[in-house]
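**Student:** My structure is below; once you've seen it, I'll send some questions.
The values are calculated or read from the model by the stated rules, or taken from the named source; none is laboratory data. Computed from a predicted structure; not experimentally measured. Every residue, glycine among them, receives a Cβ derived from its backbone with ideal geometry; neighbour counts consider all protein chains shown.
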Amino acid sequence: MYTETDGLVIKKVGLANGKNMLTVLTRKFGKISAASNITEKNRTKSSMAVRPFSYSRFEMYRNTDNYNIVSGELLKSYYKIGEDIDKYVQAAYVLEYTEKILTEGTPSAQIYSLVLEYLEMLAARKASYSTLTIAYQLKTLKYMGVAPLLTQCANCGTAENLSAFSIEDGGLLCSDCQRQIAAEALQKNKDAEILIYSANFDIIKVVMFILKNPLKALETVTLKPEIEMQLRNVMKPYIKHHLDVGKLKTESFCWID
């Protein structure tokens, strides 16, 4: 069956006989893997359409869950992001992260639109690219249904005496629940790593602002380096626990403290 869809090329792997396997985030089908015989040697519309960072319209042949790209038309190229190494590493990290959090063949209109908006904003941004990346990741937590609960205790529901942030519980804890959960964890395993952090309400306000507002609201916002570092130190184990995404290949290039 022949079909058409718009999509962003987020990964490209060379195969034998000049073939390539593309990972494409599509509007219609979500994240898919699609084989392609189109090469970049010829500067045609189709060859430009299959590059990573290319937003294109594809004609595909679909057989059950197998996709083969017949032709492509480039709609928008973000390839020039690669001309700025600092922008490139942030964009590469976001594409790798996005590929990891999405399930094959499950459409996600919100993340599809978000990643395109991120690339548009990154291309235009003059500095503080990592602020935009952190905001992007926080927005994906919301769209994946695992955003942290920041207005009440994630364990008992009270809004009083909020004092800590728990990775496993997915949000803030009141002082009573913090003591109880920590004691129970140590009782089960004295060597257990307890992923509970003291609540920093300045950072919590930043997170709440990002979660509440569109990414466009961060257009001119720059987070202080120490705020970014503290956010990353909590977000990394949070993402690993709730989305099962560990260290990414691009991570060591992306975050330089």
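**Student:** Given (1) modelled with pLDDT under 95; (2) in contact with a Cys (Cβ under 8 Å, 6 or more places away or on another chain), identify the lone condition not met by GLN90.
**Tutor:** For GLN90, the failing item is (1).
**Student:** Name every residue in region 214-224 that is in contact (Cβ under 8 Å) with a residue 24 or more places away in the chain, assigned to a helix (DSSP H, G or I) and surrounded by fewer than 17 Cβ atoms within 10 Å (Cβ to Cβ), in order of residue number.
**Tutor:** Scanning region 214-224 gives a single hit, LYS216.
**Student:** Of everything in region 237-254 that's over 12 Å from the mean Cα position of the chain (by Cα) and surrounded by 17 or more Cβ atoms within 10 Å (Cβ to Cβ), which residue is modelled with the lowest pLDDT?
**Tutor:** Taking the candidates together, the pick is CYS254.
**Student:** I'd like the full set of residues that are small (Gly, Ala, Ser) and in contact (Cβ under 8 Å) with a residue 60 or more places away in the chain, limited to region 149-187.
**Tutor:** Matches in region 149-187: GLY170 only.
**Student:** Identify, please: which residue in region 70-119 is out of contact with any Ser or Thr (no Cβ under 8 Å at 6 or more places or on another chain) and of a type in the set (Asp, Glu) and is, among those, nearest to GLN137 (Cα to Cα)?
**Tutor:** So, considering only residues that are out of contact with any Ser or Thr (no Cβ under 8 Å at 6 or more places or on another chain) and of a type in the set (Asp, Glu), the one nearest to GLN137 (Cα to Cα) is GLU117.
**Student:** Among the candidates SER166, SER252, SER175, SER198, single out the residue that is among the polar types (S, T, N, Q) and under 16 Å from THR133 (Cβ atoms).
**Tutor:** None of the others qualify; the one that does is SER252.
**Student:** In the set ARG57, ARG27, which member is modelled with pLDDT of 90 or more, over 28 Å from LYS247 (Cβ atoms) and under 19 Å from the mean Cα position of the chain (by Cα)?
**Tutor:** Step by step, each of ARG57, ARG27 is checked, and only ARG27 is modelled with pLDDT of 90 or more, over 28 Å from LYS247 (Cβ atoms) and under 19 Å from the mean Cα position of the chain (by Cα).
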